[in-house]
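Chemist: Below is a structure I'd like to ask you about.
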Amino acid sequence: MKLIIQIPCFNEAAQLPQTLADLPRELDGFDAVEWLVIDDGSTDETIAVARSLGVDHLVRLTNNKGLAAGFQAGIDTALKLGADVIVNTDADNQYYGPDVARLVRPILEGRADMVVGDREVHDIAHFSPLKKTLQRLGSWVVRQASSTSVPDTTSGFRAYNREAAIQMMVVSRFTYTLETIIQAGKQLVAIDHVPIRTNPKTRESRLFPSMGSYVRRNAVSIFRIYAQYEPLRVFWTLALLMSIASAGVWIRFIVAYAEGSGKGHVQSLILGAVLFIAAVVLFVLGVIGDLLAAQRVMTQRTFERVRRIELQLGVTPSHYEPGSVSPERSPPPPTLPPDGTESARRSEAVRL
């Protein structure tokens, strides 16, 4: 079995040495452990440092696409390099590298397809009380949307077996952490979580330049993902609230009318009508959103089949470069059809 540890990077030349120093090169249950660095348009010496430290594989995105795009590019490349298990970690050395063994254990034992590392956020000293509260709130929302029990849904330290990785499709441009858990919960993916350790803080987050930005972007991301996967619940709840508000305004008008002062409360009648129309619109949006959700499921299944076809045909990874290759540790070529010929590849594509 092959384990590939992928590390999305953006200008991480200073942090990458310590991150890689903590990662395992050998692990029980695996014949090979390889490192994959995804360079998200870095302008520093990230690539040179990665090569000098013996990274096996590189993906070089032309410009900065964001963490979600880097994660997706890494998953696609790791699959095409023949990974049986993929571990994702951050380049800022936030996570304790030797805990990779903890992450992959449920997969090796056949108890899970995807494992998320639980940082036990309430014990992290450099997290402010507000950030801890938002982490708990966001994780609760994601658990409701995904029907899972993952306590730390924003943790980027996680492991996937091959089948789970094939099914992952990230559409968000901001973060992959929340969306992939909801996707997994909606699909035939068994999810588990294990406690993991973290290292002392080395620098400020580049995803969130300030606490205000953290609150705003996380709130928008959580609402968007929840509305995307649970449109009926979101829009019908809003429609119900609007209906209650319109009923309250109308009752006020009726009471005033019964008391003989209805002419002075015509505004209530108009406001109630506006709120009721808004409730109807939200109800319709919920129905449309539910239809789009069904369409998204069909698109997801199509994407999964296309990915399986690409893996069967041996399509090479995009933006891929070999890393620092030594004779005893050379990356195998992507899997080809049985006879390895181009004609066989084309004939197989025609049949599919």
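Chemist: Out of the range 14-29, which residues are under 13 Å from D56 (Cβ atoms) and outside any loop (DSSP other than H, G, I, E, B)?
Modeler: The one that is under 13 Å from D56 (Cβ atoms) and outside any loop (DSSP other than H, G, I, E, B): L20.
Chemist: Just the residues that are touching a Phe, Trp or Tyr at 6+ places or on another chain (Cβ under 6 Å) and not acidic (D, E), please, taken from the range 38-58.
Modeler: Of the range 38-58, the ones touching a Phe, Trp or Tyr at 6+ places or on another chain (Cβ under 6 Å) are 40, 42, 55-56.
Selection gives S42, V55.
Chemist: For I38, work out the one condition from (1) touching a residue at least 40 places away in the same chain (Cβ under 8 Å); (2) in contact with a Ser or Thr (Cβ under 9 Å, 6 or more places away or on another chain) it doesn't fulfil.
Modeler: Of (1) touching a residue at least 40 places away in the same chain (Cβ under 8 Å); (2) in contact with a Ser or Thr (Cβ under 9 Å, 6 or more places away or on another chain), only one is false for I38: (1).
Chemist: So, P322, is that one surrounded by fewer than 13 Cβ atoms within 10 Å (Cβ to Cβ) and touching a residue at least 40 places away in the same chain (Cβ under 8 Å) or not?
Modeler: yes
Chemist: I'm checking my understanding of the structure. Among residues of the range 193-249 that are of a type in the set (F, W, Y) and modelled with pLDDT of 85 or more, which one is surrounded by the fewest Cβ atoms within 10 Å (Cβ to Cβ)?
Modeler: The residue in question is W236.
Chemist: Answer yes if at least one residue in the range 109-116 is free of Cβ contacts under 8 Å to residues at least 60 places away in the same chain, at positive phi and out of contact with any helix residue (DSSP H, G or I) (no Cβ under 6 Å at 6 or more places or on another chain), and no otherwise.
Modeler: yes
Chemist: Among L58, L53, L36, L20, which is the only one that is surrounded by 23 or more Cβ atoms within 10 Å (Cβ to Cβ) and assigned by TED's automatic domain parsing to the domain that holds V170? Reasoning before the result, please.
Modeler: Working: L58 fails: surrounded by 23 or more Cβ atoms within 10 Å (Cβ to Cβ); L53 fails: surrounded by 23 or more Cβ atoms within 10 Å (Cβ to Cβ); L20 fails: surrounded by 23 or more Cβ atoms within 10 Å (Cβ to Cβ).
That would be L36, the only listed residue that is surrounded by 23 or more Cβ atoms within 10 Å (Cβ to Cβ) and assigned by TED's automatic domain parsing to the domain that holds V170.
Chemist: Further, regarding this structure: L27 is checked against (1) among the aliphatic types (A, V, I, L, M); (2) over 24 Å from the mean Cα position of the chain (by Cα); (3) over 21 Å from L108 (Cβ atoms) and fails just one. What number does that condition carry?
Modeler: All conditions are met except number (3).
Chemist: Shifting gears a bit: Please pick out the residue among V255, V284, V280 that is farther than 30 Å from D84 by Cα, touching a residue at least 24 places away in the same chain (Cβ under 8 Å) and aliphatic (A, V, I, L, M).
Modeler: Sole residue among the options that is farther than 30 Å from D84 by Cα, touching a residue at least 24 places away in the same chain (Cβ under 8 Å) and aliphatic (A, V, I, L, M): V280.
Chemist: For A78, indicate whether it is in the same structural domain as G97 (by TED's automatic domain parsing), aliphatic (A, V, I, L, M) and in contact (Cβ under 8 Å) with a residue 40 or more places away in the chain.
Modeler: Values: in the same structural domain as G97 (by TED's automatic domain parsing): yes; aliphatic (A, V, I, L, M): yes; in contact (Cβ under 8 Å) with a residue 40 or more places away in the chain: yes.
It is true that A78 is in the same structural domain as G97 (by TED's automatic domain parsing), aliphatic (A, V, I, L, M) and in contact (Cβ under 8 Å) with a residue 40 or more places away in the chain.
The values are calculated or read from the model by the stated rules, or taken from the named source; none is laboratory data. Please read these numbers as outputs of a predicted model, since none were measured by experiment. Neighbour counts run over all protein chains shown; Cβ positions are idealised from the backbone, glycine included.
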